Every structure is written in C-alpha cells, then in structure tokens.
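K.L.:
Submitted below is the structure of interest, expressed as structure tokens.
The values are calculated or read from the model by the stated rules, or taken from the named source; none is laboratory data. Please read these numbers as outputs of a predicted model, since none were measured by experiment. Counting neighbours? That spans all protein chains shown, and the Cβs are built from the backbone with ideal geometry, glycine included.
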Amino acid sequence: MEHPPASRIAISPPAVVHLVGVCGTAMGALAGLLKASGFQVTGSDAHAYPPMSLELARMGIAVKEGFKASNLDHGPDLVVVGNACRREHPEAAAARERGLAYASLPATIHDLFLAGRRSLVVAGTHGKTTTTALLAYLLFAAGRDPSVLVGGVATDFGSGHRLGSGPDFVIEGDEYDSAYFEKRPKFLSYAPSAAALTSVEHDHVDIYPTEEAYRAAFAGLVGLVDPGPLAVHAGDAAAVALSATARAEVIAYGVTGDVHVAPPRWIAAPAGRGRFELRVDGRAAGIFSTALGGRHNLRNTLAALILAHCAAGVSLDELARALPGFKGVRRRQEVIGRPRGIAVYDDFAHHPTAVRVTLEALAELHEPGRLAVAFEPRSATACRRMHQAAYTGAFDRAGLAIIAPVGRDLPEAERLDTALLAADLRARGVAATAAGSIDEVLEALVAWARPGDGVALLSNGGFGGLHGRLLEALA
C-alpha cells in the first residue's frame, strides 16, 4: 500500500531525517538547519559534488552516492524528497512503499522552522539571493540573531543557512515547484509575515510555459503576505500590478531615474563611489554606503532596508552603520582571482535582464579597462529560443562576448541559436563569437585579456570547469 506525503510533520530532535538530493543548494542548506537543530541527518545524491559535498562533510553529514532503495534501510523518521525526483525515483518509491513519512523541502521548512517566527520572504525573478543575504546580514549586524535560508553561499555566514534564536526567519522565496507530489511554488509554503517582490519577468519555462502562469504564482504569494509590508520595485510593471491585490501595506521603492509605474515611497539617489541618499516618503533619511555595484543592487538594497526597518524594527541609523560591511554572495559578481591584474568574476546571471545589469555593473568597475564575458546558456530558460531577441541587447557593455555551446540537449527548433546571437551582437558593435567548445572559450579569453581588464564568467552551472582552467591559463 502506498502512503501519501505527511500532511503535518510532527517530529523533534534527535529524529532521523534523510534528504534525497542533498547536494542541491537549498537541500544542503536545509540539512544544515536540521543538523543545527539537533536532528540526525543523512542524505543521498547522484554524485557528492562540491561545493556542497565539502560543506556537508564539514557539518558531519554523510552522503550516500547514487540513488537506491537501500539508502533508506536505516528507517529515517522523515524523508525529504527533492523537486528533481520523479514519482518513480527509487528512494521516493521506497519511502511510499515502506510507509515512511515523507515531505517536500518547503513543507519541512514550514512545519519545523517557521512556527513562532516572523517569516520574511524575498521573492522575484532577479536579485532575490543577494537581497535575502543582505537582509539576513543587516538583522544579524543589528543583534537580532535571525535564522536564514538562502539559495547561495552568503559570504558573511559562510553558508546558505543559519539557525538563530531571534524572532525572524529570513528566507529566499523560490518560485520553482516543490515536489512531484506538490506541484506548487515553494514560496507558497512560507507563510510570509512580510515580503519583498523584486521583479516578475517570465522564467523557468519548464515549469511555467506561459507568462500568465508565471505571474499567477507570484499573485498567490502576494495574497499571503500578512500583516506586511510588501516591498515592491516601482520600476517593474508586472510586480506593481500584482501588488495591487495585496492585503498588506505596499511600499514601492526605486532608484532615481528609474521609469516608475507607481510613486515610490523609498528612493535611492546615487551619490557616487558606492554612496546614495535615501529619501522616505519625500523626506531625507540619510546618506548610506554600500560595497555592492550597479543600480540593480541599489534596488536590492532598498528592498532589504525596507523589511529590516518596517517589518523587523531596526532603526535607519543602525542600518546605515551596518550596510557597508556586507560581503555579498558567492557567484554574484564574485572575484575569484586576479592573475596578472586581470579580474575574473563568477556570476550566476543567465536571464537576459540579469546578464545586462550584471555587465553594466562590472563595466563601471573596469573603466578605462575592458570587459570580456563568456556566457553559458545552460538553464531551462537560457538554453531556449524564447529570449533569443532579448539576449541581443544584453551584452552591449562587453568589449568581447563569447557564447558557449548550449548546456542542454534540446531539439534545434527550441534551442537558442548561439551563432545567430553572436551575429546579432556583432551587428550592434560587440565583438562576439559562438564557440564550439569550452576549449575555444578558454583560448579566446586568454588571447584577449591583458592586465587591468575584467573577465566575467556567466553560468548557472559549472561551465565545464572553465573557472579554474582560466585562472591557471591567465597566470
């Protein structure tokens, strides 16, 4: 007899929790939260790959390589099934057949960690990882001891999770689905007391085939925010339209010069060298400094400041003192080396908008030096033709653009045409080429780069080991 997923998770330490797909970013962070709470944690994955495998080993969590029913022979009290697992997955099937309690990642977070805490959720197509990490850092720096789960490695914490004793749980609200038995966005499980909506631009086409379906997911989140506030980027028409249905107070924010579709109550006016003047409801609220580059990060900063101040009650003076110390998130404009004075950046950008704003920010850092970019279209969105035209305008700030081979096996009619993209970029005045292999990408970057330049590697995956190979070759 098959058993349905647990409707409510009622376990406590030292119960044993097994995570299927534990090397994923979010699953690894959940493993850390469970371990810190006193649970016994086991996990499995197809391959124990870094960096998460190293982090799990540091925490003393054993990872079984390969998925098989025998991985559940120790009889865990709960099996957390990753969203990459299909119904016929050997461990998912074994959990059902053996009558073991099983649940999705977001349901586990809700039932074991959010009760009695103020849930601060950061959602949106772009910027949610950086904004979540920044909000968590600001609360931590203010002595609020927050709990955290973020879909990346927050440099200030050295991981993507933190278990605190304070009232706030800061969590990245992912719109991707939860599990094969729970086909709904993760963030709908997070019971947001307050939230930020950074942007809404069609993504994850493997889950949301239409823009309407994608927006409907965020509409569901907006309706859950209670008591608020809901911080919304005033320059994003879709986000503002969705916020009109909110029960909670809506606070629109933006940067001076943005095309606003709603009057922003919080405005950042850039003042040069990482400084900006903050205005709240038309009144000057102080000069702030940040180490983050780019207008998009000013918007991310405003979203984090709003939730820290208006939801968690941290004073603006405290926030102004703390903000300059934020160290960022790995794989977000992260400098991974400077061989011979050539700055090499690693960034997760893969959506056309993310590529554009990332390159705009990095180009400012390298004036009068040049900037090259190597882009791997690997995500479910990036590898498809749906954004073929949008990518054409995303590389204007690059002195050289190398488009790597598409990272997924798709029919030609669906696949991004990298040769066409390179030709369109050349027509706009960008030196561009479509590489036939990662070796060709490497050769082109090494031949082009000279001291003082910057090289950005954009991929939501490992880019075929290009990062380490490039550092070595440039040195």
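K.L.:
Go through (1) loosely packed, with under 15 Cβ neighbours inside 10 Å; (2) touching a residue at least 40 places away in the same chain (Cβ under 8 Å); (3) under 17 Å from Glu376 (Cα atoms); (4) not β-branched (Val, Ile, Thr) one by one and return the number of the condition Ala475 breaks.
P.N.:
All conditions pass for Ala475, except number (3).
K.L.:
Might you let me know whether the range 267-290 holds any residue that is over 25 Å from Arg144 (Cβ atoms) and surrounded by 20 or more Cβ atoms within 10 Å (Cβ to Cβ)?
P.N.:
Yes: one or more hits.
K.L.:
Among the numbered criteria (1) in contact with a helix residue (DSSP H, G or I) (Cβ under 8 Å, 6 or more places away or on another chain); (2) farther than 21 Å from Leu149 by Cβ, which single criterion is violated by Ser193?
P.N.:
(2)
K.L.:
Please tell me if Asp206 is more than 19 Å from the chain's Cα centre (by Cα), acidic (Asp, Glu) and in a loop (DSSP other than H, G, I, E, B). Step through it out loud before you land on a result.
P.N.:
Values: more than 19 Å from the chain's Cα centre (by Cα): no; acidic (Asp, Glu): yes; in a loop (DSSP other than H, G, I, E, B): yes.
Considered against the rule, which asks whether it is more than 19 Å from the chain's Cα centre (by Cα), acidic (Asp, Glu) and in a loop (DSSP other than H, G, I, E, B), Asp206 comes out as no.
K.L.:
State whether the residues of the range 137-147 include one that is in the same structural domain as Leu302 (by TED's automatic domain parsing), surrounded by fewer than 24 Cβ atoms within 10 Å (Cβ to Cβ), of a type in the set (Lys, Arg) and part of a loop (DSSP other than H, G, I, E, B).
P.N.:
Looking through the range 137-147, at least one residue is in the same structural domain as Leu302 (by TED's automatic domain parsing), surrounded by fewer than 24 Cβ atoms within 10 Å (Cβ to Cβ), of a type in the set (Lys, Arg) and part of a loop (DSSP other than H, G, I, E, B).
K.L.:
What's the total number of residues in the range 155-177 that are part of a strand (DSSP E or B) and more than 16 Å from the chain's Cα centre (by Cα)? Talk me through it step by step, then tell me what you get.
P.N.:
Taking the range 155-177 as the starting set, the residues that turn out to be part of a strand (DSSP E or B) are 159-162, 168-173, 177.
Then drop every residue that is not more than 16 Å from the chain's Cα centre (by Cα), which leaves 162, 168-169.
Total meeting the criteria: 3.
K.L.:
Considering only the range 179-188, state which residues are more than 16 Å from the chain's Cα centre (by Cα) and surrounded by 24 or more Cβ atoms within 10 Å (Cβ to Cβ).
P.N.:
Selection gives Ala179 alone.
K.L.:
Of all residues in the range 102-126, which are of a type in the set (Gly, Ala, Ser) and either farther than 21 Å from Gly24 by Cα or surrounded by fewer than 17 Cβ atoms within 10 Å (Cβ to Cβ) (or both)? Show your work before the answer.
P.N.:
Narrowing the range 102-126 to residues of a type in the set (Gly, Ala, Ser): 103-104, 107, 115-116, 119, 123-124.
Hits for the range 102-126 are Ala115, Gly116, Ser119.
K.L.:
Scan the range 312-334 residue by residue and report those that are in contact with a Ser or Thr (Cβ under 7 Å, 6 or more places away or on another chain) and farther than 27 Å from Val355 by Cβ.
P.N.:
Result: Pro324, single match.
K.L.:
A further question follows. Out of the residues in the range 238-258 meeting the condition of being touching a strand residue (DSSP E or B) at 6+ places or on another chain (Cβ under 6 Å) and hydroxyl-bearing (Ser, Thr, Tyr), tell me which one is surrounded by the most Cβ atoms within 10 Å (Cβ to Cβ).
P.N.:
Tyr253
The rows are residues; the columns are (1) touching a strand residue (DSSP E or B) at 6+ places or on another chain (Cβ under 8 Å); (2) crowded, with 22+ Cβ neighbours inside 10 Å; (3) free of Cβ contacts under 8 Å to residues at least 40 places away in the same chain.
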{"position": "Ala31", "(1), (2), (3)": "yes, yes, yes"}
{"position": "Ser37", "(1), (2), (3)": "no, no, no"}
{"position": "Gly43", "(1), (2), (3)": "yes, yes, yes"}
{"position": "His47", "(1), (2), (3)": "yes, no, yes"}
{"position": "Lys64", "(1), (2), (3)": "yes, no, yes"}
{"position": "Ala69", "(1), (2), (3)": "no, no, yes"}
{"position": "Gly75", "(1), (2), (3)": "yes, no, no"}
{"position": "Gly82", "(1), (2), (3)": "yes, yes, no"}
{"position": "Gly99", "(1), (2), (3)": "no, no, no"}
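K.L.:
Here is a further query. List pairs: first residue in the range 351-363 and touching a residue at least 24 places away in the same chain (Cβ under 8 Å) and surrounded by fewer than 24 Cβ atoms within 10 Å (Cβ to Cβ), second residue small (Gly, Ala, Ser) and part of a helix (DSSP H, G or I) anywhere in the structure, Cβ distance under 6 angstrom, at least six positions apart or on different chains.
P.N.:
Close Cβ pairs (under 6 Å, with a partner that is small (Gly, Ala, Ser) and part of a helix (DSSP H, G or I)) amount to Pro352/Ala390.
K.L.:
Let me spell it out: the conditions are (1) under 21 Å from Ala217 (Cβ atoms); (2) charged (D, E, K, R); (3) not assigned by TED's automatic domain parsing to the domain that holds Val170, and Glu91 meets all of them except one. Which number is the exception?
P.N.:
(1)
K.L.:
In the range 407-452, what residues are touching a helix residue (DSSP H, G or I) at 6+ places or on another chain (Cβ under 8 Å), buried (at least 18 other Cβ atoms within 10 Å of the Cβ) and closer than 15 Å to Ala380 by Cα?
P.N.:
Matches in the range 407-452: Leu416 only.
K.L.:
Among the residues of the range 450-457, are any assigned to a helix (DSSP H, G or I), over 24 Å from His202 (Cβ atoms) and among the charged types (D, E, K, R)? Walk me through how you get there before you give the answer.
P.N.:
We begin by selecting, within the range 450-457, every residue assigned to a helix (DSSP H, G or I); these are none.
Taking every residue of the range 450-457 in turn, none turns out to be assigned to a helix (DSSP H, G or I), over 24 Å from His202 (Cβ atoms) and among the charged types (D, E, K, R).
K.L.:
Follow-up. Just one of the numbered conditions (1) touching a strand residue (DSSP E or B) at 6+ places or on another chain (Cβ under 8 Å); (2) surrounded by fewer than 16 Cβ atoms within 10 Å (Cβ to Cβ); (3) hydroxyl-bearing (Ser, Thr, Tyr) is not true of Ser315; which one?
P.N.:
(1)
K.L.:
In the range 274-378, which helices (runs of 4 or more DSSP H) lie fully inside it and hold 3 or more residues that are farther than 30 Å from Leu400 by Cβ and assigned by TED's automatic domain parsing to the domain that holds Gly124? Even if it seems obvious, please write down each step before you answer.
P.N.:
Numbers: elements: 295-306, 316-322, 352-365.
Ranges flagged: 295-306, 316-322.
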